[in-house]
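Only one structure is covered here, and it is reproduced in the block below.
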Amino acid sequence: MTLQTLPWRLHVAVSAPAHSSINEPLSYLAAHEVPPGTLVRVPLGRREVPGIVCSCEAAAASPAPPWAERPVSEVLAALPPLDAHWRALIAFTARYYHSALGEVALAALPPTLRRMSNAQLEGSMKRLEKRAEKARKEQPSTPDTPPQPSAEQGAALEAIAQQRAGVFLLFGVTGSGKTEVYMRAVQRALEADAAAQALILVPEINLTPQLADRFTHRFEPLLGAGSVAVLHSALTPAQRLAAWLRAHTGAARIVLGTRVAALTPLPQLALIAVDEEHDASYKQQEGARYSARDLAIWRAHHARVPIILGSATPSLESWHASIPPPAGPGRYQLLALPQRASGSRLPAVRRVDMRRAPRGTVIAPPLLAAIRACVRAGQQALLLLNRRGWAAALHCRACGWSSECPHCSAWRAFHKSDRTLRCHHCGLAQPVPRACPECGNLDIGTGTLGTEQLEERIAAALTQVQRPDGSPARVLRIDADSTRGAGQLDAHLAAVHSGEVDVLVGTQMIAKGHDFRRVALVAAINPDAALLSSDFRAPERLLALLMQAAGRAGRADDESAAPAQMWVQTTMPQHPLFAALAAHDWAGFAAQQLDERRAAGLPPYMHLALLRADARTQEAAHAFLAAAARAVQDALAASPAAAQLAWSPPVPLPVQRVAGVERAQLLVESRARSALAQALTAAEQQLRALRPKHRSVIRWAIDVDPLGV
């Protein structure tokens, strides 16, 4: 059969960013009909790349394109085609976030799968079936006995069961048993359908081991080994491929993972739960800038299944959506869990006015005394400082030199553990100079406190403190630096859970989701910086972080344990945010913040998008964005959408240069979502058309519903 007589034309999505010239599926010829959703390998230039079939038609049914069509290299028939629901999800993601279809579709697949041939895939499928057969023959273990649900948990479960679909905002204080609600809702869904699947999303990788253990111990004895699959980017390529294949084939009944799991094919989806739904980690910041939480909501609506959004500190967008008419839209149903499942109280909050502390004080004497008492009593303390390294920067007091990164508009942090200055944006690491590079001064000072320094300071302050068994106090640090190695995070968390650690120092990694049963004291060391931020979401994020951190304390079931404590060291003790923290009043804070946002015209009352450009100079990036904005405004001048839109001038990003590349952005605002979508569609066309004329521009992107402006 010659190339001219190949009877089938396939439209194939291949991986290419939105700013490239390939933004639509490409056409290829095939000898046989290939179902949509089939994975193929196709020639692209001199390369052979993976692709996904979007549609298939008889070649004679439409005119041939003006270019010479090439045949498909290989059809990966060993993999069942990706179903219509998954293809609709990918199409919506690309359309809503103005990304290329292939960019979204191929990024959603495991990297190993994108490189496989059909023969290799057949081998993987056979191994998967053998493991499934072996699991079916294994003797099931005894399932964990679940606790009896509280009255509040039972009411929430009944509300979900009665409606069978819709969005449910599970607003529960830390320790109220939100996870138990997820698990019982999953159990009901799986019992109702022998093939049903459930998707559980968590914001960060470090939260998956604990939650995966709970789901595995509860469900694998009932459903069989391998019925719970975990998906996140830290898995080995083989682990990620195996978990994805089990999800796609329906062998995994429960899929638990981070935002990468939101785009996993689940042919029998029956329920979705999004834990810590407020967390910023659900928003992708590179490539297709999607929100996994928002896609999960769309996915549940499209599949007509319930979705549970759980949080002790819901995002203001979700909170607003749960307010019933006429005050709010009432799109979500609010389910409240106001009490802890164990009956324990939330920690008492104590504010320490650092304006009265001696200059250079890291830990106020009253807090240090409380930490020592906590260790002597055999309890654990958690110290939160959301800045890693020893210090934020080094400074020369003689000439003013500072450890600025040569490639980024940011400081290089001082890491004492390996004596390096390290940029947390581009990764540049260099040895610490013995003297100031500018003037030779030997007395170089440090900047803002980091977790390394805090760890050393608290360890020195506890040298004479003993645990109840007479052994010395032990301090552990958990942050991105101390958990780089494989298995280090799991080992550190296991040490905390087993009681080997007395004082835990860390960043936000330790502040949310963890069930630390021995923690009786939590302290926020330096939270004030967030209150000085220009980001309108900064107060919401800070209070959420502090309330989540406070929730790690007082989880012990022992009623005789001392009352839990939350300490906050601040120079602004009278700030309303800390008053809300002391009262554990998220609802009151949310109402106040929504009033301010309504008056200021900010989300959720306004819809935002950013046009971003990376270029060799700021001037080039600004000129490119300004030209695109003018072209869009001219194109929409006669449209009703024009009156709904507000365009800001281009400005540098807060960190305007990263790895030698200048970055700028332009804000577009609209009260009508439809008007914003129309403007962004026009902007996408103009950005693509203008790119060849602006040769200094490296790439551009559209960020819909950005987290920061």
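The values are calculated or read from the model by the stated rules, or taken from the named source; none is laboratory data. Fair warning: this is a prediction, and the values are worked out from it, not measured in the lab. All Cβ positions, even for glycine, are placed from backbone atoms using ideal geometry, and neighbour counts span all protein chains on display. Only protein heavy atoms, including side chains, enter the accessible area calculation; ligands, DNA and RNA are left aside. Shrake-Rupley method; radii C 1.70, N 1.55, O 1.52, S 1.80 Å.
Converting phi to 3J(HN,Hα) with the Karplus coefficients 6.51, -1.76 and 1.60 and the offset θ = phi - 60°, region 245-251 yields 5, 5, 5, 5, 8, x, 5 Hz in sequence order, with x at every glycine or proline.
Once backbone amide H atoms are built at 1.01 Å from N, E74 has R41 as its partners under 5 Å, excluding neighbours fewer than 5 places away on the same chain. For the chain, the antiparallel share of DSSP beta bridges with both residues in that region comes to about 50%. Measuring nothing but protein heavy atoms, the accessible surface of region 409-463 at 1.4 Å probe radius is 47 percent carbon and sulfur. In the context of the full protein assembly, V181 retains an accessible surface of approximately 0 Å², using a probe radius of 1.4 Å and ignoring ligands and nucleic acids. Near V709, the amide H atoms lying under 5 Å from its own belong to F536; only residues 5 or more places off or on other chains count, and H is placed 1.01 Å from N. Close amide H contacts of L335 (hydrogens built in the peptide plane, cut-off under 5 Å, sequence separation of 5 or more or a different chain): L169, L170, F171. Using a probe radius of 1.4 angstrom, the carbon and sulfur fraction of the accessible surface of region 145-245 is 54%. Highest mean packing first, where packing is the average number of other Cβ atoms within 10 Å per residue, the peptides 697-704, 313-320 line up as 313-320, 697-704. Placing V709, V75, V167 in order of accessible area, with the largest value first and a 1.4 Å probe, yields V709, V75, V167.
Each residue of region 427-438 was assigned a 3J(HN,Hα) from its phi angle through the Karplus curve 6.51 cos²θ - 1.76 cosθ + 1.60 (θ = phi - 60°); the sequence is x, 4, 10, 9, x, 5, x, 6, 9, 4, x, 8 Hz, with glycine and proline shown as x.
When the Cα gyration tensor is reduced to axis lengths a ≥ b ≥ c, the ratio a/c is 1.5 or higher for region 466-514, and with a/b above b/c it is classed as prolate. Output the relative contact order of the chain, whole-number percent, from Cα pairs under 8 angstrom with separation of 6+ residues. Rounded, it is 11 percent for the chain.
Could you give the length gained on full extension between A579 and Q592, defined as 0.36 nm per residue of separation minus the Cα-Cα distance, in nm?
3.4 nm
Bridging of K178 to lysines at a Cα separation below 29 Å is possible for K283, K512, once same-chain residues fewer than 8 apart are set aside. Of K130, K178, the residue with the largest accessible area leads and the full order is K130, K178 (1.4 Å probe).
What FRET efficiency, computed as 1/(1 + (r/R0)^6) with R0 = 41 Å and r the Cβ-Cβ distance, is obtained for A638 and S62, rounded to the nearest 0.05? So the FRET efficiency works out to roughly 0.75. Which shape class applies to region 87-227: rounded if a/c is under 1.5, otherwise prolate when a/b exceeds b/c and oblate if not, where a ≥ b ≥ c are the square roots of the Cα gyration tensor eigenvalues? Judged from the Cα gyration tensor, region 87-227 comes out oblate (a/c at least 1.5, b/c at or above a/b). Kindly provide log₁₀ I(q)/I(0) values, in the same order as q = 0.29 Å⁻¹, from the Debye equation applied to equal alpha-carbon scatterers of region 191-244. Those come out to -1.33, one per q. Across region 110-124, computed HN-Hα scalar couplings (Karplus, 6.51 cos²θ - 1.76 cosθ + 1.60, θ = phi - 60°) run x, x, 4, 4, 5, 9, 7, 8, 5, 5, 5, 5, 4, x, 5 Hz from first to last residue, x flagging Gly and Pro. May I ask for the angle, rounded to the nearest 10°, between helix 208-223 and the longest principal axis of the chain, with both axes built from Cα atoms and the value confined to 0 to 90°? Once rounded, the angle reads 60 degrees. Classify region 94-144: rounded, prolate or oblate, from the alpha-carbon gyration tensor (a ≥ b ≥ c, eigenvalue square roots; a/c under 1.5 rounded; otherwise prolate if a/b is larger than b/c)? Note, shape of region 94-144 comes out oblate.
Expressed as a whole percentage, what fraction of the accessible surface of region 246-358 belongs to carbon and sulfur atoms when a 1.4 Å probe is rolled over the protein heavy atoms?
Carbon with sulfur: 49 percent of the solvent-accessible area.
Using the 1.4 Å probe convention, the accessible area of the chain works out to 44 Å² per residue with neighbouring protein chains retained.
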